[in-house]
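The structure appears below as structure tokens.
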Amino acid sequence: ISTLASTLTLGATDNTILFGGNKNTTAAIIDGTIASSGNVILEQRITPFNSNLELRNTGDGWTGSTTIGAGTTLFLDRNSQALKNTSGITLNGSGRIYVERINDAIAGDQISDTAPITFQGGGELEFRHDSAISSKIENLGAVTIASGRAHLKLNNATSSGGNEIVLSSLTRSTNTASVFWGNANSSNVLWKVTGESDTPAGQIIGPWAT
């Protein structure tokens, strides 16, 4: 994939983007539309290095599933809605999705409200909201932690308003862990699970984390 490629058309049922770099780097930037009805798979050939695929101005993205392999990061910049219509997301090992929200560049979702998200062997899902955003609610589908430790982060740069990440449900298998993280402005960060009651005062683990 050429850096700053204008478009990317994926015509197969399973479309694997394989990174072979031997250092931590942004391997490619797609600065245009991505079109596909198939599944998209990111894989890193050489571990433990991490390769990033940065997506910009990608339209509504693909409609198939999304798999983020160990050692790969999918970076959605402020204008990207590449995961808006994906049917499901799986993060394997150290796979990572980073979602940037700046100045409310787009009003709609950057990740599907209904696509299930599965953590297999760990993984990280991070949102960054800049100081120009006073309030933002991001709705996500059902989250399942099948194995490993899942990291869910909201890096909130504003000290006013409220920023929420709402999961439609959260389940985890035995011997797994979930880490919910907020930064210095965490008083304005809320992680919610639809249908669950507030965590009682003095507890850090709610009834949903069983």
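The values are calculated or read from the model by the stated rules, or taken from the named source; none is laboratory data. Since this is a predicted model, take the numbers as computed values, not measurements. Cβ coordinates were reconstructed from backbone atoms using ideal geometry, including for glycine residues, and neighbour counts include every protein chain displayed. Just so you know, the surface numbers come from the protein's heavy atoms only, side chains and all, with ligands and any DNA or RNA stripped out. Shrake-Rupley method; radii C 1.70, N 1.55, O 1.52, S 1.80 Å.
What tally of residues in the range 79-94 results from selecting those that are under 18 Å from residue 59 (Cα atoms), within 13 Å of the chain's Cα centre (by Cα) and open to solvent by 50 Å² or more (accessible area, probe 1.4 Å)? Adding up the residues that qualify gives 1. Scan the range 19-31 for residues that are outside any strand (DSSP E or B) and surrounded by fewer than 16 Cβ atoms within 10 Å (Cβ to Cβ) and jot them down. Within the range 19-31, 20, 22, 23, 24 meet the criteria. Considered as a group, the residues in the range 60-78 that are closer than 15 Å to residue 101 by Cβ and assigned to a loop (DSSP other than H, G, I, E, B) include one that is most open to solvent (accessible area, probe 1.4 Å), and that residue is 78.
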